[in-house]
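Below is one structure, written out as structure tokens; the observations come after it.
Coordinate-derived values only; no laboratory data. Predicted model only: the values in this text are computed from it and were never measured. Cβ sites come from the backbone with ideal geometry, for glycine too, and all protein chains shown count toward neighbours.
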Amino acid sequence: MKETQFRKGNKPGNWLPIGSHRTSQDGYLQRKVTDTGYPPRDWISVHVLLWEEHNGPVPPGHCLCFKDGNKQHIELENLELITRAERMRRNTIHRYPPELKDAIRTVSKLKRTIRRVEHEKQG
């Protein structure tokens, strides 16, 4: 067992240095700013770093949104600071007319069924 353990000073194969970039599962470009070994603290979204550089920290209860909806278009003019309540209102299904809500629900149900059938085929 001792042969397979990390020796002091060795890094795992997927380790990246401070300043490296990656794309999160949600599609946000992130930069490594510390090397604590705790990823939520080590990696910060580039758009947040840009905002904080020009406007200071994002206030509690607020978030940054891309005006054009493109997470890869990282420019200060494309960022807007909104409350989390406003973000929820923008992203809720209830802002659509009833016909469109029904269509969205039907498509979602179809996607769930397809995923379930594909999962059953694999297992």
Add +1 for every Lys or Arg and -1 for every Asp or Glu among the other residues with Cβ under 11 Å from the Cβ of D42, and state the total.
+3
Scoring only Lys, Arg, Asp and Glu (+1, +1, -1, -1) among other residues with Cβ under 10 Å from the Cβ of H21 yields +3
Do any chymotrypsin sites (Phe, Trp or Tyr not before Pro) in region 5-67 lie in a loop, going by DSSP, with at most 13 other beta-carbon atoms within 10 Å of their beta carbon, and if so which?
F6, W15
Per the charge dipole of the chain (beta-carbon charges, Lys/Arg positive, Asp/Glu negative, Cα centre), the residue among G123, L76, T106 reaching farthest to the positive end is G123
Take the chain, mark every one of the trypsin sites (Lys or Arg not before Pro) that falls in a DSSP loop and has at most 10 other Cβ within 10 Å, then report the longest stretch left between them, sites excluded.
9-123
Mean projected area, convex hull of alpha-carbon positions in the chain, reported to one decimal in nm², is 12.9 nm²
What are the lysines whose alpha-carbon lies under 30 Å from the alpha-carbon of K8, with same-chain residues fewer than 8 places away excluded?
K32
Using a Förster radius of 35 Å, what is the FRET efficiency between M88 and V117 based on their Cβ-Cβ separation? Nearest 0.05, please.
0.65
